[in-house]
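The values are calculated or read from the model by the stated rules, or taken from the named source; none is laboratory data. Source: prediction; values computed, not measured. Note that we place each Cβ from the backbone using ideal geometry, even for glycine, and neighbour counts take in every protein chain shown. Note: accessible area is taken over every heavy atom of the protein model, side chains too, but ligands, DNA and RNA are not part of it. Shrake-Rupley method; radii C 1.70, N 1.55, O 1.52, S 1.80 Å.
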Amino acid sequence: MVKTANTFNPECGKGGPCSQIGKENLTADAGIQGFQTAGREQWIGLPDVISFGDYAGISSRGGWGDPGIFKSNSINGNISVSTVRGKHTIVTGYQYSHLYLLAAHGSCCSKGVFDFNGQYSGNTFADYLLGYTDSSLRNYPIHTFGMKSNPYGAFFIDDSWKISPRITVELGLRWDYWFAKSLIRGAGGTFDPKTGKAIAGLNSKGEVDLTAQPVSPYLAAATQGQWISAKDAHVPGGLFEPSGYVSPRLGVAWRPLNSGDLVIRGGFGIFTSSYRGNITASQIIAPPYWTYEAQSWSSAQLQRWETAWPVNPNSFTASSIGAAAYNVKPIKDKEWNISVQKTLPFKTAVTLSYVGSSGTDLVADNSLNNVPPGLYTNLQAAKPYPIFGSIDLYQNTGKNHYNSGQLKVERRFSEGLSFMLSYAFSKNISDGGGDSIWSTPTPFAPAGYNRGRASYDHKHILATNAVWEVPFGRGHRLGANMNPVANAVIGGWEFSGIYLFSSGDPLTFSAPGATLGNGWDTRPNLVGDPSTSNPSASLWFNPNAFAAPGPYLFGTSGIGILDGPGSHVVNLALMKKFPFAGEGRYVQFRWEAFNALNHVNLNNPNTTINQSSTGQIFSAGDARVMQIALKVVF
């Protein structure tokens, strides 16, 4: 099977909508140096992003890298053989996939990204008005690049062993293997912390191809001595070391009673995966092929944004690296569960379960080019790799732990009625960047600082749904002999509804002003009870429970220590079929209401302390939406 997906964002004036933004180099016109039009002809205008902390910033992006093109192509295959031998049903097989990704776009910062964190005046917007920036990014647009090959294969065997009519055991073993990768024209890089140098990928001839990008010859010359070839570093040319993992699986189902209406199930398995293909495709972020430049300044430097970058277009300062380590290993996720299911009257069943998992070797974004908290007169010079900007290396540092109790009550559709209720009481803890692949652990933090509730941890989740065929009209208990005209109007209706509840997102608080002195924010100290007796949009938590830590100190409040607003959603639907001209032909009428009760589902509050809006909520989810539809089936 082959899947192809192409996305093309039209160029300004070549079939796509345009405004004055993108026609004039407004960044250069504003006196901000280092963003010449040459080489950026399709990527000019206002800066890509100007951010002021929790204030609404400015962005001129129509989308990431606009204009640009993104293509993907995947080949997938699966073959299996099933054999029955006595009480054993054995299935063996092999899976294969190959992914190709290509892109060309302006990336993040062709027009410049500037941040104002309040480190000079104590207020982010005031720093912007003063023109003092704490960090900035820039890059040249990227021509064709991506992942040429990313082959993966897996062999599996499963034995379903029916020991007796009451006991079935599932035994499985799986071997996943990620083969060597290759990059388009070898254009990619990674970082070696031992040597402090970037590693350049190799093309199909085993060479560093400095014609892969228009900027490559200039960047390679400017960063000479900062990078070595993959051959000299003794790593694969595709910057990925092939690796595999063997995963066992075990499952048991037991019916302890002769009646068979009680089932106990349990299972354990290890599941592996690798990081997403976009990380490999984007490994071009490193000299000598291409880079974005990143700089940061301390409050003592008083850096104006107009002069943040050199005037000479061939001058590069602090090239950045964003790539996976060449020796990243597969992610491991150990999962287990045990459940008890009992049949109840009225064709209903109830299931009570314990479900848990433990993720290790999770891939997380580790920021390596940082210094401990403190006062620095020249922050860039103090970094461990001062010739580089930011160094983001994806490594196996993340962990995740999940435990839950779950309840499910279900009636399958019978006699015109079905319903289901499911509830989960759970806790999800992440550590060291285990929240997601984009999570970045705070460097030089004290033990336990990067451990806390995952951003998607919701303690309570409840979901119910029901479908009811109103038993009125022809073919039903009531009105079975109804007049055809009356039946067309009031008979044969179907009603359905869904209710969803989720407790709020975990709230993590921040102290403004980058008080650590190294460009990183910290959390505030917890000095009181953050809860309020009646949380509302005007005040969701107690702001007086938090205080800013002293200079260069980490705050004591944890991750996700309070819940944000929960979500209550009721969706309703009413449907009826109107037959016409023979069997199987009908017009279906549907009325649907989403958030039918028009409940106000508040978004999260402002969690930055010492602001006039701290603790307040200014937005909410969607209000009620209703729609009516007709569908003709023939």
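Things to note:
- Given charges at Cβ of Lys, Arg, Asp, Glu: the chain dipole, positive-most of Ala30, Leu379, Asn369: Asn369
- Heavy-atom accessible surface of the chain: percent carbon and sulfur, 1.4 Å: 59
- Within the stretch 316-344: backbone nitrogen closer than 15 Å to the Ala38 label point (7 Å, Cα to C-beta): 316
- Estimated Rh, the stretch 389-516: Kirkwood, alpha-carbon pairs, angstrom: 19.5
- Under-5 Å amide H pairs with Trp520, H placed in peptide plane, nonlocal only: none
- If both residues of a DSSP beta bridge must be in the chain, then about 95% of such bridges are antiparallel.
- Where the stretch 161-216 is the region considered: accessible area per residue in Å², 1.4 Å probe: 47
- Most positive-pole-ward Cα, Ser353, Ile437, Ser216, against dipole of the chain from beta carbon charges: Ser353
- Annotation: Cα Rg of the stretch 350-444 relative to the compact-globule expectation 2.2 N^0.38 Å equals 1.83.
- Computed per residue of the chain from DSSP H runs no shorter than four, each worth -39500 (n - 2.57), the mean residue ellipticity at 222 nm is -1000 deg cm²/dmol.
- Positive dipole terminus of the stretch 71-148, leading residue within Tyr100, Tyr128, Ser82 (C-beta point charges): Ser82
- Take the stretch 36-82 with all the other protein chains still there, run a 1.4 Å probe, and you get 52 Å² of accessible area per residue.
- ³J(HN,Hα), Karplus 6.51/-1.76/1.60, whole Hz, each residue of the stretch 83-93, x for Gly, Pro: 10, 10, 10, x, 8, 10, 10, 10, 10, 10, x
- Ranked from largest, the principal axis spans of the Cα set of the stretch 122-189 equal 79, 41, 15 Å.
- Rounded to the nearest 20, the Cβ-based charge dipole of the stretch 84-243 about its Cα centre (Lys and Arg +1, Asp and Glu -1) stands at 560 debye.
- Summing Lys and Arg as +1 and Asp and Glu as -1 over all other residues whose Cβ lies under 15 Å from the Cβ of Val263 gives a net charge of +3.
- Cα Rg, Dmax (largest Cα-Cα span) when computed across the stretch 198-328, Å: 25.0, 84
- Spatially near lysine pairs across the stretch 115-238, Cα under 16 Å, sequence gap of 8 or more or different chains: 6
- Length added when fully stretched, Phe346-Leu210, from 0.36 nm per residue minus Cα-Cα: 41.7 nm
- Estimated dipole of the stretch 167-285 in Debye, rounded to 20 [Cβ of Lys and Arg +1, of Asp and Glu -1, Cα centre]: 100
- Cα gyration tensor category, rounded, prolate or oblate, for the stretch 110-227 with a/c compared to 1.5: oblate
- The HN-Hα couplings worked out from phi for the stretch 442-457 by the Karplus form 6.51 cos²θ - 1.76 cosθ + 1.60 (θ = phi - 60°) are 5, x, 6, 7, x, 4, x, 5, 8, 9, x, 4, 5, 5, 9, 7 Hz, whole numbers, x standing for Gly and Pro.
- Surface analysis of the stretch 231-335 yields an accessible area of 40 Å² per residue, using protein heavy atoms and a 1.4 Å probe.
- Stokes-Einstein D for the stretch 298-410, Kirkwood Rh over Cα pairs, 10 °C, 1.306 mPa s (µm²/s): 82
- Computed from the C-beta positions of Ile338 and Asn481, the FRET efficiency with R₀ = 60 Å rounds to 0.70.
- Base-10 log of normalised Debye intensity for the stretch 29-93 (one unit scatterer per alpha-carbon) at q = 0.18 Å⁻¹: -0.89
- The chain, relative contact order [Cα under 8 Å, separation at least 6], %: 9
- Arg185 accessible area, assembled protein chains, probe 1.4 Å, Å²: 110
- Kirkwood-type radius of the stretch 476-571, with distances r between different C-alpha atoms, in Å: 17.9
- Taking amide H positions as modeled 1.01 Å from N, with prolines and chain starts lacking one, the residues under 5 Å from Gly68 and 5 or more places away or on another chain are Asn9.
- Cross-link partners for Lys427 among the lysines, with Cα-Cα distance under 24 Å and sequence neighbours closer than 8 places in the same chain left out: Lys332, Lys334, Lys399, Lys408, Lys459.
- Accessible surface comparison of Val600, Val252, Val350, probe 1.4 Å, protein chains only, largest first: the order is Val600, Val252, Val350.
- Computed 3J(HN,Hα) for the stretch 298-315, one whole-Hz value per residue from the Karplus formula 6.51 cos²θ - 1.76 cosθ + 1.60 where θ = phi - 60°, is 7, 5, 6, 8, 6, 8, 7, 6, 5, 10, 5, 10, x, 6, 5, x, 9, 9, glycine and proline marked x.
- Taken about its Cα centre, the chain carries a charge dipole of about 2240 debye when Lys and Arg each add +1 at the Cβ and Asp and Glu each add -1 at the Cβ.
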